[in-house]
Amino acid sequence: MRVLTKATTILATSALLAGGVVFAASANDDLIKMSENAKDWVMPTGDYANHRYSKLDQINTENVKNLKVAWSFSTGVLRGHEGGPLVIGDVMYVNAPFPNTVFALDLNNDGKILWKYEPRQDPNVIPIMCCDTVNRGVAYAPADGDRPAMILLNQADTTLVALDAKTGKEIWSVKNGDETDGSKGESGTAAPMVVKDKVIVGISGGEFGVRASLTSYNLKDGSLAWRAYSMGPDSDILVDPEKTTDLGKPIGKDSSLKSWEGEQWKTGGGGTWGWFSYDPKLNLVYYGTGNPSTWNPVQRPGDNKYSMTIFARDADTGVAKWLYQMTPHDQWDYDGVNEMILVDGMEVDGKKHNVLVHFDRNGFAYTLDRETGELLVAAKYDPAVNWASKVDMDPDSKTYGRPIVDPKYSTGHNGEDTNTTGICPAALGTKDQQPAAYSPDTGLFYVPTNHVCMDYEPYRVSYTAGQPYVGATVSMYPAPGGDTMGNFIAWDAAKGKIVWSDPEQFSVWSGVLTTAGGVAFYGTLEGYIKAVDMKTGKELYKFKTPSGIIGNVTTYEHDGKQYIAILSGVGGWAGIGLAAGLLSPDNAQGWHNAVDQGNQSAKGDIVGTAGLGAVGGYAALADYTNLGGQLTVFELPD
């Protein structure tokens, strides 16, 4: 492992300025130019800013009602299909959940398979994948010199593989985790991101006590460029105590170590399995970290830095310019991994900023100046949120930037073996990883949300490598006042206000697409792909696909025609009851036997509390959909 000190940071930066920056910039420019071509979809996020917006407008508010299926493709896997396809020229690249098969499909021939890559992975990885065997997509790296264009796959077993985009043959592979057999509890679910001459990838395992990291590899050969852990010594987390700031102030020496008891940081979690964004002008990579391990807050006193934290890191060195912890000493599993959406020139309180907008699992939407880390807005984006009354926005306050926690809903305050009831949102958050989208046409954000609350009972657990390290029994149910479990909302990030909201029976667990045609697309857990008017939220179209949708909507143009593509295949955390068969009492009991370490708090509701509480909350899904794994592509009639 490379440890980056202040001296090596200066040397590395000097070397880049002296000779390496020309290559890096040219590779970066190629990908930026490709992302500006609306006919293709070259990044899982659409662009570096995570807008998930397309300039294509053939499909619009007037004709979207006429959409029909153009063609479809089965992935052959019956688990949760998160992520979505890439489109480069005449080829579409699609990948599946475990075993993470990658397909190159010919758009000139209704998706004929050009090549297929089938990884060989240890099946022992499957049971250590917390919330289904999902994968959020592959990344594309343009050709450079003698190196061909590549498809980058982050496999479930943490192997990062570079494939020749034309042939599917492996060019190089590298082990991102310590082990690839599940014995340490590490797994790979995040889509990689290509930046300059590097590829950036995260790691999962917060429910197994994995000390997570964000890692950068060199595209030319897969060698390690830098690795930044989520917690630990300053040299491990790649911070400068004097220059890295938190809300404008230097973080100081050993800021992470001081927030943990003893050596608990070594099993501290802080997964990096969400989405990444990048600002080429500032050369900063943005991402969030997940929950601290264990879920029992009584066992880990302190703020548990830097779990639940937004990082802004230099893309060349990995050193953090600024950071901000949203949920210090998490007591509810409100992972902070959701996407960071970058928007230029947003006016907040009369002053323009280039901002980062983040919809956190904790139910607050944050708007920050992405150059300085200044906190501009922090507001609830679901009125049901009750665990905290607000985020303190007074810069002169001792609790500036921290949520003001209601003791009634504090699982740490109420103590071990005490069931705290009525907490909103549930552990899967007001929004999980399912990504929101931004429209420069309306200036609004379109957000798929959960409207779910929970009961949460922490209990004491012990750490064993590769074994569940959870320590809480959870049950989930709709928020008070109705029986709907989700909303699709339009959000004003400058004001911190909901503009309109469309209720959904279940959580909206798919990613959103916005278009210049005035239409926003999303999918539902029942399996509908829906199109709504971005100005009003009015539903304009829906179609029932073969399985529940937890993937992300994509659009592209081929031979002069615009298409819409979506993966369906119910699963993920919300659909884990169906995906893993946990609606069966025997299977649910087996899950508890593996996870609970002998604790009996779930004894009264074995099925409902399985799957970290999601099985009971979403049991009714079985009445609306079934397992599947299909790509469906839509078009307008000729």
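The values are calculated or read from the model by the stated rules, or taken from the named source; none is laboratory data. Since the model is a prediction, treat every value here as computed from it, not as a measurement. Heads up, the Cβs are rebuilt from the backbone with ideal geometry, glycines too, and the neighbour counts pull from every protein chain shown. Each accessible area value is taken on the protein alone, full model and side chains, heavy atoms only, with ligands, DNA and RNA left out. Shrake-Rupley method; radii C 1.70, N 1.55, O 1.52, S 1.80 Å.
Among the residues of the range 252-293, write down those that are β-branched (Val, Ile, Thr) and either part of a helix (DSSP H, G or I) or touching a Ser or Thr at 6+ places or on another chain (Cβ under 7 Å) (or both).
Here is the first cut: in the range 252-293, the ones β-branched (Val, Ile, Thr) are 267, 272, 285, 289.
Result: Thr267, Thr272, Thr289.
If you scan the range 456-485, which residues turn out to be touching a strand residue (DSSP E or B) at 6+ places or on another chain (Cβ under 8 Å) and among the polar types (S, T, N, Q)? Before you say what the answer is, go through the steps one by one.
Filtering the range 456-485 for residues touching a strand residue (DSSP E or B) at 6+ places or on another chain (Cβ under 8 Å) gives 456-459, 471-480, 482, 484-485.
Result: Thr473, Ser475, Thr484.
In the range 326-336, which residues are buried (at least 23 other Cβ atoms within 10 Å of the Cβ) and either within 22 Å of Thr45 (Cα to Cα) or in contact (Cβ under 8 Å) with a residue 60 or more places away in the chain (or both)? If you could, list the steps in order and put the result at the bottom.
Of the residues in the range 326-336, the ones buried (at least 23 other Cβ atoms within 10 Å of the Cβ) are 326-327, 330-336.
Within the range 326-336, Met326, Thr327, Gln331, Trp332, Asp333, Tyr334, Asp335, Gly336 qualify.
Only residues that are touching a Leu at 6+ places or on another chain (Cβ under 7 Å) and either open to solvent by 40 Å² or more (accessible area, probe 1.4 Å) or not in a loop (DSSP other than H, G, I, E, B) (or both): list them for the range 373-392, please.
If the condition is that a residue be touching a Leu at 6+ places or on another chain (Cβ under 7 Å) and either open to solvent by 40 Å² or more (accessible area, probe 1.4 Å) or not in a loop (DSSP other than H, G, I, E, B) (or both), then Glu374, Leu375, Leu376 are the ones that fit.
Yes/no per residue for (1) at pLDDT 95 or above; (2) of a type in the set (Ser, Thr, Tyr); (3) more than 24 Å from Ala228 (Cα to Cα); (4) not in a strand (DSSP E or B):
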residue	(1), (2), (3), (4)
Glu82	yes, no, yes, yes
Ile126	yes, no, yes, yes
Thr133	yes, yes, yes, yes
Ala156	yes, no, no, yes
Ile171	yes, no, yes, no
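Among Thr399, Thr464, which is without any contact (Cβ under 8 Å) to a residue 12 or more places away in the chain, of a type in the set (Ser, Thr, Tyr), within 23 Å of Gly209 (Cα to Cα) and open to solvent by 50 Å² or more (accessible area, probe 1.4 Å)? Talk me through it step by step, then tell me what you get.
Working: Thr399 fails: within 23 Å of Gly209 (Cα to Cα).
After ruling out the rest, the residue left standing is Thr464.
Filter the range 195-212 for residues that are open to solvent by 10 Å² or more (accessible area, probe 1.4 Å) and in contact with a Leu (Cβ under 7 Å, 6 or more places away or on another chain) and give the result.
Selection gives Asp197, Lys198.
Do we find that Glu339 is of a type in the set (D, E, K, R), surrounded by fewer than 21 Cβ atoms within 10 Å (Cβ to Cβ) and touching a residue at least 40 places away in the same chain (Cβ under 8 Å) in this structure?
On the way: of a type in the set (D, E, K, R): yes; surrounded by fewer than 21 Cβ atoms within 10 Å (Cβ to Cβ): no; touching a residue at least 40 places away in the same chain (Cβ under 8 Å): yes.
The answer is no for Glu339.
Which count do you get for residues in the range 221-247 that are open to solvent by less than 30 Å² (accessible area, probe 1.4 Å) and in a loop (DSSP other than H, G, I, E, B)?
8
Search the range 567-581 for residues that are free of Cβ contacts under 8 Å to residues at least 24 places away in the same chain and pair each with any residue that is open to solvent by 10 Å² or more (accessible area, probe 1.4 Å) when their beta-carbon atoms are under 6 Å apart and the residues are at least 6 apart or on different chains.
Gly581/Asn587
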